[in-house]
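The values are calculated or read from the model by the stated rules, or taken from the named source; none is laboratory data. Quick caveat: nothing in here was measured; it's all calculated off a predicted structure. Reconstructed Cβ throughout: ideal geometry from the backbone, glycine too, with neighbour counts over all protein chains shown.
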Amino acid sequence: MQARTRADSTGAVVVVIPTYNESDNLEDIVSRTRSAVPDADILVVDDNSPDGTGDLAEKLALTDEHVRVLHRTQKAGLGAAYLAGFDWALDRGYGVVVEMDADGSHDPAELPSLLAALGSADLVVGSRWVRGGTVRNWPRSREMLSRGGNAYARIMLGLSVHDATGGYRAYRAATLRRIGLSEVRSQGYCFQIELTLRTVRSGLTVAEVPITFTERVKGTSKMNRAIVAEALWRVTLWSVTRRGSSQS
Ligand SMILES: Nc1nc2c(ncn2[C@@H]2O[C@H](COP(=O)(O)OP(=O)(O)OP(=O)(O)O)[C@@H](O)[C@H]2O)c(=O)[nH]1
Ligand SMILES: [Mg+2]
């Protein structure tokens, strides 16, 4: 079946892939994405990876006009890389902006189902924690962290989304224009929670589509204690502003 790359009347699609030291993964993820959504463009946002990921991305871009590269000078976190990628995409008039990791955890074959759901939502989150969603090869400790983090975010922020930390998602460009991106300060995976929260607080609709998330096979995770700590303190802070605003 020919994959669909235009979510209902939402326009051209760009898949933003942030990279830091993903040279073992990049070629594979780009080629699988091209096969899954042949009309979509891909933007690799590389933070000057010491392992040459940026050069490899340039090489791929030379032979494929659907592949574009945004080079940044130094590692500044996932959130900053995505914000730069979003600006790039909005400046160029894309109608749909997808977030996807380079490490193979997000299966490009699931892109058409995310895009289809965007026909009736402002943000579609690929979800591990709804019926039909699953994780493969994750240590129990990672699963507990993700489930626990999501439960905390749901309770503290009153979110109904089950996988607010998930990083495989599709936004309508109009959503990104509405939610105040210039105020976003989150760096790590807390970035995903913040954008979910901003979308909900803007009165927009979020749909969850089940995904199969597979632990990376190559390269190393950039997840660390500081990223977990950031999510914890920011969610706690946002929950206070929520209570404050609901009392006023
Ligand atoms: N440009 C850029 N990309 C980053 C940065 N940190 C992480 N990434 C990329 O963001 C994606 C997700 O990072 P991962 O290291 O897989 O982190 P994670 O998915 O939160 O954690 P794991 O579940 O352990 O893999 C990958 O494609 C990384 O290469 C960064 O500072 N800058
Ligand atoms: Mg990962």
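Among the residues of the range 181-228, those that are near ligand 1 (Cβ under 9 Å from one of its atoms), of a type in the set (S, T, Y) and more than 14 Å from the chain's Cα centre (by Cα) comprise T220, S221. Just name the residue that is farthest from ligand 1 (Cβ to nearest atom) out of those in the range 103-137 that are over 16 Å from V37 (Cβ atoms) and of a type in the set (A, V, I, L, M). Filtering the range 103-137 for residues that are over 16 Å from V37 (Cβ atoms) and of a type in the set (A, V, I, L, M), the one farthest from ligand 1 (Cβ to nearest atom) comes out as A121.
Criterion first (of a type outside the set (S, T, Y), within 11 Å of ligand 1 (Cβ to nearest atom) and buried (at least 22 other Cβ atoms within 10 Å of the Cβ)) does A76 satisfy it? So A76 does not fit the description; no. Which one is modelled with the highest pLDDT among residues in the range 208-227 that are loosely packed, with under 15 Cβ neighbours inside 10 Å and touching a Phe, Trp or Tyr at 6+ places or on another chain (Cβ under 9 Å)? Here the answer is E215. Answer yes or no: is there a residue in the range 157-170 that is within 14 Å of ligand 2 (Cβ to nearest atom) and among the aromatic types (F, W, Y). Yes: the range 157-170 contains one or more residues that are within 14 Å of ligand 2 (Cβ to nearest atom) and among the aromatic types (F, W, Y).
Here's the yes/no breakdown for (1) farther than 25 Å from A116 by Cβ; (2) of a type in the set (G, A, S); (3) more than 16 Å from ligand 2 (Cβ to nearest atom):
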site: I179; (1), (2), (3): no, no, yes
site: C190; (1), (2), (3): yes, no, no
site: R198; (1), (2), (3): no, no, yes
site: S202; (1), (2), (3): no, yes, yes
site: V209; (1), (2), (3): no, no, yes
site: F213; (1), (2), (3): no, no, no
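Taken as a whole, the condition of being of a type in the set (A, V, I, L, M, F, W, C), surrounded by fewer than 23 Cβ atoms within 10 Å (Cβ to Cβ) and more than 16 Å from ligand 1 (Cβ to nearest atom) applies to L90. For residues in the range 215-242 being aliphatic (A, V, I, L, M) and in contact with a helix residue (DSSP H, G or I) (Cβ under 8 Å, 6 or more places away or on another chain), which is nearest to ligand 2 (Cβ to nearest atom)? Going through the qualifying residues, I end up with I227. For the residues D103, D122, the requirement of being crowded, with 18+ Cβ neighbours inside 10 Å and over 20 Å from Q187 (Cα atoms) singles out D122. Checked against the criterion of being within 13 Å of V14 (Cα to Cα) and assigned to a loop (DSSP other than H, G, I, E, B), the range 127-143 contains not a single residue that satisfies it.
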